[in-house]
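Chemist: Sharing a structure below in structure tokens format, with a few things to ask.
The values are calculated or read from the model by the stated rules, or taken from the named source; none is laboratory data. Please read these numbers as outputs of a predicted model, since none were measured by experiment. Every residue, glycine among them, receives a Cβ derived from its backbone with ideal geometry; neighbour counts consider all protein chains shown. Keep in mind that these areas ignore ligands, DNA and RNA; they rest on the heavy atoms of the full protein, side chains included. Shrake-Rupley method; radii C 1.70, N 1.55, O 1.52, S 1.80 Å.
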Amino acid sequence: MKQSTMDALIGSVYAAVTAPAGFQGFVAELAEAAQASGVLMFARHAASHEMAGVWMHGMEQRWLDSYALEYAGEDVLASHIARAPIARFYASNLDVPERAHYEQLRFYREWVQPQGMAYAAGCVILHEGHWQTQVFLQRSTSHAPFSRRDMVQLERLVPHLQRATQMRQRFAELQLGRQLLASSLDVLAMPAMLCDERGRMVHCNRSGRAMLDAGCGIWLDGGLLRARSEPVARRLALELQSAVRASHGTGSALPGVVLLPRPDRSPLMLMVTPLQVDAGSGMPGAALVVIYDPACAPNVAAGVLRQLFNLSAAEAALAAALCSGLSVDEAAGERGTTVSTARSQLKSIFNKTGTRRQVDLVSLLLASPAYFLAQSEQ
């Protein structure tokens, strides 16, 4: 294998760390470079032979399925490399004893031979608990057998595969965590913004984006969350940095509050909360900014109310209207029903929610997921 080919393979290994398809591109390039009919990379459970994180090239899905469900425990080469020192490549034609006996096995007759395979080489890249990350290459009858020189060349890839596999695992964890956090913020009714250790906004939910677009007195300056009032801007920056320090356990875990005065309405209330980071995780600090506008009528999701309290569609609509500050008469007029119908529906709502007064009903509904998850219906 030429040095330029090896360099390209190593580059492909590290490109897999952030590639959406993971190591798929690498296994395809490895098959071509190593003159292999197929390449398989996956994690295997040492006891149960379960497979996870599979990337393959040159093998039909049905053969992979049958291997995972029936033949994995009979793979002589896999058994050999599972017991041998890791980070070394072994070949069926070089390291599997009693070759003649091997060709009599069910695994060889029913799985290897029907695919036209003649030789296989494999390596344990990583051993983590009960799981082993393994790479296998197959050659058909039209290819030359694997040589010791082939094994030495393939082993040059192992340190890079080890690092890239661990980096890929960490990258996937971070990406999934970020996506889950972003998705969680998007279903919140209150405007919410996630800020990094420098105060830059890295995610803003729909309510928060609408508030920024409306020109509410806070804005983004090069990604940094800023307030148009300089005293408030300084206070906000201070609270953000305090929250970031607290996220690492070096400050108060209590949320900070910043009031943003408005000339014609009550001030906006910004609550800056530290996001706790596990010690030793290596993760940077972060803070969550949640904004409350006292002038905005609460928005309650009628669909969620129906599911929570077994309300009819009309009852849920009335309950949501009451939460927004309307009276029964106003809600009836807005919905085009009579006041008597609305009062009858209200009695039914009282019975289903276990409340007796309108104020108690509204308090219950605003404390329910129907308020916090109001965005889910938008």
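Chemist: Once you place label points 7 Å from the Cα toward the Cβ at Arg156 and Ala8, how far apart are they in nm?
Modeler: Those two pseudo-labels are separated by 1.4 nm.
Chemist: Amide H neighbours of Gly38 under 5 Å, counting only residues 5+ apart in sequence or on other chains, H built in-plane at 1.01 Å?
Modeler: Amide H to amide H, under 5 Å and 5 or more residues apart or across chains, Gly38 pairs with Gln138.
Chemist: Explain nothing, just compute: Karplus ³J(HN,Hα) = 6.51 cos²θ - 1.76 cosθ + 1.60, θ = phi - 60°, for every residue of the stretch 145-158 in order, whole Hz, x for Gly and Pro.
Modeler: In residue order, the calculated couplings are x, 5, 10, 4, 4, 4, 5, 5, 5, 5, 5, 5, 7, 4 Hz.
Chemist: If each of Leu238 and Tyr102 carries a label point 7 Å out from its Cα toward its Cβ, how far apart are those two points in nm?
Modeler: 7.3 nm
Chemist: Each residue of the stretch 334-340 in order: what ³J(HN,Hα) in whole Hz does its phi give by Karplus 6.51 cos²θ - 1.76 cosθ + 1.60, θ = phi - 60°, with x for Gly and Pro?
Modeler: 5, 8, x, 10, 7, 5, 4
Chemist: Using mean Cβ contacts within 10 Å as the protection proxy, how do 32-42, 3-13 order, highest first?
Modeler: Descending packing order for the listed peptides: 32-42, 3-13.
Chemist: Over the Cα atoms of the chain, what Rg and Dmax result, in angstrom?
Modeler: In order Rg, Dmax, the Cα atoms of the chain give 30.9, 91 Å.
Chemist: Follow-up. Starting from the 7 Å offset along Cα-to-Cβ, what nm value, one decimal, do you get for the label separation of Arg209 and Ala313?
Modeler: That separation, rounded to one decimal, is 2.9 nm.
Chemist: Can I ask one more? Mind jotting down a quarter of the surface of the convex hull over the alpha carbons of the stretch 10-50, in square nanometres, one decimal?
Modeler: 3.7 nm²
Chemist: Skip the ligands, DNA and RNA, and give the accessible area per residue of the chain with a 1.4 Å probe, whole Å².
Modeler: 51 Å²
Chemist: Just to confirm the number: angle between the C-alpha axis of helix 3-15 and the first principal axis of the chain, 0 to 90 degrees, nearest 10?
Modeler: It is inclined by approximately 30 degrees.
Chemist: So what is the orientation-averaged projected area of the stretch 1-79, using the convex hull of its C-alpha atoms, in nm²?
Modeler: Averaging across all directions leaves 5.9 nm² for the Cα convex hull.
Chemist: Estimate the FRET efficiency between Glu110 and Ser79 by the formula 1/(1 + (r/R0)^6), using the beta-carbon distance for r and 22 Å for R0, to the nearest 0.05.
Modeler: E(calc), rounded to 0.05, equals 0.80.
Chemist: To test your reading of the geometry: what angle, between 0 and 90 degrees and rounded to tens, separates the Cα axis of helix 24-33 from the longest principal axis of the chain?
Modeler: It is inclined by approximately 20 degrees.
Chemist: Here is a follow-up. Efficiency by 1/(1 + (r/R0)^6): what FRET value for Leu64 and Leu220, r their Cβ-Cβ distance, R0 = 56 Å, to the nearest 0.05?
Modeler: Efficiency, from the Cβ-Cβ distance: 0.70.
Chemist: Suppose the chain between Ser229 and Glu330 were pulled fully straight at 0.36 nm per residue; how much longer would it get relative to their current alpha carbon spacing?
Modeler: Fully extending the segment from Ser229 to Glu330 adds 32.5 nm.
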